[in-house]
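The values are calculated or read from the model by the stated rules, or taken from the named source; none is laboratory data. As the structure is a prediction and not an experimental result, all values here were calculated from the model. Cβ coordinates were reconstructed from backbone atoms using ideal geometry, including for glycine residues, and neighbour counts include every protein chain displayed.
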Amino acid sequence: MAFIDRILKEPSYGWKDENGELVTPSTLELFKEAFRNVNIFADRRNWIAAISWLMAICMLPFLYFFLFHFISWPLLLFFVLYSMIIMSTHGTIWFHRFSTHKAYTFSHPIWRFLTQNLVIKTFPEEIYVVSHHVHHARSDEPGDPYNAKGGLWYCMLSDVNHQSVARDLNAEEYNRLQAFMKHTGVQLNNHKQYLQWGSIATPLYTLALWLFNWAFWYAAFYFIGGHGLACTAFSAALFWFVLVRAFNYTGHGKGEVKHKEGIDFDLQNLSINQTRPGLFSGEWHNNHHLYPGSARAGFLPYQIDTAWIYIYCLYKMGAISSYKDSKKAFLRKYYAKQEKEAYQSE
């Protein structure tokens, strides 16, 4: 078995059946698996999955106060801005292009820390990063942790059902697994601690950073606009935190081939370029699958890339020392060819 197929904890229903086809569990099976995987009393190694749901639960009081005590048109506008653009763009900048694909490098760890905590914290990095490497290696195949062919709830519950690391890696394999995370600045377990906790990240670091981040951002929003603005920001973070789980389902055509000629150029998987995620967060997903290591994914003139704007601005400031940009390679290989074929057909 290839290393990339060993690094995620396989769900109880398995990735594929005896014929090599994707196992598609029922919604009930998916929820049963989810509740088993967040039960820290049955196995403390479930802590990394449990903390993902715990973060969402802890945001519910903020949502209550926003909806029943503070809601107004200005705050509703801020809610949309923070959830749909700011949180989404940060997810692309931090989790996607840096933490997973190392598309750029920071000139100093302080810039990495500031970028990491640029918004209200949600996912622990580990849950996103390791599984996303598998997603690229096995896109739309059995083993893809958020395979759109498995259905909406297969993707929505993937953070606890499919994205935790395997718990039985030997020391050599674990050292290879650590390489996915070392550049992020996350405090990592040694092999003995990993076997004890079932995670790459240490629980103490993960909890401490979560509490620091939330305390800072609540205080910051409170001083800017009182409890109303702070509750709105945390509610917006919750909204993004929940709905981002559905992105890969829609971003891979809901499990169907939905490529559009002249828009989607990578036909090796089901990824598509969608206008809203593209404009709001720089997530031109089909472009990204073509060039996953690129710090820019908006290659065509209309494809505004807010994540790339942040990265490039930090580069000009000296906070980012280098980056990879595949726009020229894309235009040369795909767009120029398309224009040439269109010209010859006239």
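Show me the helices (runs of 4 or more DSSP H) found entirely inside the range 106-210 where at least 2 residues are among the small types (Gly, Ala, Ser) and modelled with pLDDT of 95 or more.
Counting at least 2 such residues, we get 125-137.
Based on this model, can you work out whether Leu75 counts as touching a helix residue (DSSP H, G or I) at 6+ places or on another chain (Cβ under 8 Å), in a helix (DSSP H, G or I) and of a type in the set (A, V, I, L, M)?
Answer is yes for this residue.
Would it be correct to say that Thr275 is polar (S, T, N, Q), touching a residue at least 12 places away in the same chain (Cβ under 8 Å) and surrounded by fewer than 22 Cβ atoms within 10 Å (Cβ to Cβ)?
No: the conditions fail for Thr275.
Just one of (1) in a helix (DSSP H, G or I); (2) surrounded by 23 or more Cβ atoms within 10 Å (Cβ to Cβ); (3) of a type in the set (Val, Ile, Thr) trips up Thr89, so point out which.
(2)
Checking the conditions here, which among Gly14, Gly20 is surrounded by fewer than 12 Cβ atoms within 10 Å (Cβ to Cβ) and at positive phi?
None of the other options fit; the residue is Gly20.
All but one of (1) among the β-branched types (Val, Ile, Thr); (2) surrounded by fewer than 17 Cβ atoms within 10 Å (Cβ to Cβ); (3) within 23 Å of the chain's Cα centre (by Cα); (4) within 22 Å of Trp210 (Cβ to Cβ) hold for Val80, so report the exception by its number.
It fails just one condition, (4).
Would it be correct to say that Thr250 is over 19 Å from Ile120 (Cα atoms), modelled with pLDDT of 95 or more and surrounded by 14 or more Cβ atoms within 10 Å (Cβ to Cβ)?
Criteria met by Thr250.
Could you please find all residues in the range 136-155 being surrounded by 19 or more Cβ atoms within 10 Å (Cβ to Cβ) and not charged (D, E, K, R)?
Ser139, Gly143, Pro145, Tyr146, Asn147, Ala148, Gly150, Trp153, Tyr154, Cys155 - these are the residues of the range 136-155 that are surrounded by 19 or more Cβ atoms within 10 Å (Cβ to Cβ) and not charged (D, E, K, R).
Does His108 meet the test of being within 30 Å of His191 (Cα to Cα) and under 19 Å from the mean Cα position of the chain (by Cα)?
In short, no.
Residues checked against (1) closer than 16 Å to Val186 by Cβ; (2) not hydroxyl-bearing (Ser, Thr, Tyr):
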{"residue": "Thr89", "(1), (2)": "no, no"}
{"residue": "Thr115", "(1), (2)": "yes, no"}
{"residue": "Lys121", "(1), (2)": "yes, yes"}
{"residue": "Val129", "(1), (2)": "yes, yes"}
{"residue": "His135", "(1), (2)": "no, yes"}
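Is it the case, given these coordinates, that Tyr64 is surrounded by fewer than 13 Cβ atoms within 10 Å (Cβ to Cβ) and assigned to a helix (DSSP H, G or I)? Don't jump to the end; show me each part of the working.
Working: surrounded by fewer than 13 Cβ atoms within 10 Å (Cβ to Cβ): yes; assigned to a helix (DSSP H, G or I): yes.
Answer is yes for this residue.
Of everything in the range 1-53 that's part of a helix (DSSP H, G or I) and farther than 27 Å from Leu238 by Cα, which residue is farthest from the chain's Cα centre (by Cα)?
Only one residue tops the list, namely Phe3.
Please name all residue pairs, on different chains or six or more residues apart, with Cβ atoms under 7 Å, provided the first residue is in the range 121-149 and is without any contact (Cβ under 8 Å) to a residue 12 or more places away in the chain and the second residue is in a loop (DSSP other than H, G, I, E, B).
Asp144/Arg138
Output the number of the condition that Val244 fails; it satisfies all remaining conditions of (1) among the β-branched types (Val, Ile, Thr); (2) closer than 20 Å to His90 by Cα; (3) modelled with pLDDT of 95 or more.
If we test Val244 against (1) among the β-branched types (Val, Ile, Thr); (2) closer than 20 Å to His90 by Cα; (3) modelled with pLDDT of 95 or more, just (3) comes out false.
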